[in-house]
Amino acid sequence: THCIELILETKLSIKVGEKEREMLGPTTKATGGIEVAGLQFAYDGQPPLFARFNIDIIPGSRCLLIGANGSGKTTLLKILAGKHLVGGRDVVRVLGSSAFHDTNLVCSGDLVYLGGSWSKTVGSAGDVPLQGDFSSEHMIFGVEGVDPLRREKLIDLLDIDLQWRMHKVSDGQRRRVQICMGLLHPYKALLLDEITVDLDVVTRMDLLEFFKEECEQRGATIVYATHIFDGLETWATHVAYIQEGELRRCGKMADIHELKSANNLLSVVESWLHSESKLPKKEPVNSSIQSRGPGPFNSSPFRSARHMAYYR
């Protein structure tokens, strides 16, 4: 049996043996997890956000992605979703395929990203809801190739009224419809970026229980970035804590020694963030991935490293 190896600095990873995979349940089907090896990334004109970043997330796990604002959580999720080109084909692999190069990951529905940029395109035009008078039923049933039983389960789970008029509903109701549409097709890897922030506590807990069933019964892999930690002590299987683009903690929830005494994830994360705030800010690192200066070729809109899936 292999154990989880914690490699501090930027080379932390989760490694698991066959015995732990068997613990996921008899119905679990391992479909490949998420592997990041030597990730380097910087936004134009900015110092590197990630430098030699590594993480492995095993199939069937529910990994909490934790960190302060600006630590790199959203950027990492977008990279995992194939929305940014980074290095070679083997730098970021999801379900055994290159996250950026294998467009079938997203097109097939095996890889699903639900986050800020996604929520601004479903029933919305940016931050403004579409003004057409159409119902939630029209949107949900407009998704093709869906299992009717799964659709009915999600509608009931999210307590969606099919007669809701999408230009009149609240932000929370609109978010329910968006989440329902995003989950209609069975996924193998799901990336969540603060997606439950507009939901009431009952709907949020029901949705988390649904995600847990998806992992235990179908072997799906979930990475969930959030600042809301209520009820997550027993929900998550693993945790990854990012500080200024570096993976500082990574491993099983059961191995977090602070939780054994506090038994409250919120207070544990709060102590981590307080400790982080007292540290000196990281100095900019000279790197070959430092963005080039402005130029007519570099500033061309056709030079973008974003995958077309970014605009889906």
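Taking I242 as meeting all but one of (1) touching a Gly at 6+ places or on another chain (Cβ under 6 Å); (2) of a type in the set (A, V, I, L, M); (3) assigned to a loop (DSSP other than H, G, I, E, B), write down the number of the exception.
(3)
Filter the stretch 138-179 for residues that are surrounded by fewer than 17 Cβ atoms within 10 Å (Cβ to Cβ), assigned to a loop (DSSP other than H, G, I, E, B) and touching a strand residue (DSSP E or B) at 6+ places or on another chain (Cβ under 7 Å); which is modelled with the lowest pLDDT?
Checking each candidate, the answer is H167.
Starting from the stretch 82-107, take each residue that is farther than 19 Å from N54 by Cβ and list its partners that are aromatic (F, W, Y) and assigned to a loop (DSSP other than H, G, I, E, B), counting only C-beta distances under 9 angstrom and pairs at least six apart or across chains.
From the stretch 82-107, the pairs are K83/F100.
For the stretch 82-115, what are the residues that are touching a helix residue (DSSP H, G or I) at 6+ places or on another chain (Cβ under 7 Å) and either modelled with pLDDT under 85 or closer than 29 Å to H167 by Cβ (or both)?
K83, V106, V112, Y113, L114, G115
Conditions: (1) under 17 Å from the mean Cα position of the chain (by Cα); (2) of a type outside the set (S, T, Y); (3) assigned to a helix (DSSP H, G or I). E213 meets all but one. Number of the miss?
The failed condition is (1).
If I filter the stretch 243-275 down to residues being small (G, A, S) and surrounded by fewer than 17 Cβ atoms within 10 Å (Cβ to Cβ), which single residue comes out as farthest from G60 (Cα to Cα)?
S275
What is the one condition in (1) within 28 Å of P48 (Cα to Cα); (2) among the hydroxyl-bearing types (S, T, Y); (3) at pLDDT below 85 that S261 does not satisfy?
In the conditions (1) within 28 Å of P48 (Cα to Cα); (2) among the hydroxyl-bearing types (S, T, Y); (3) at pLDDT below 85, S261 misses (1) alone.
The values are calculated or read from the model by the stated rules, or taken from the named source; none is laboratory data. Quantities reported herein were computed from a predicted structural model and do not represent experimental measurements. We place every Cβ from the backbone using ideal geometry, glycine too, and count neighbours over all the protein chains shown.
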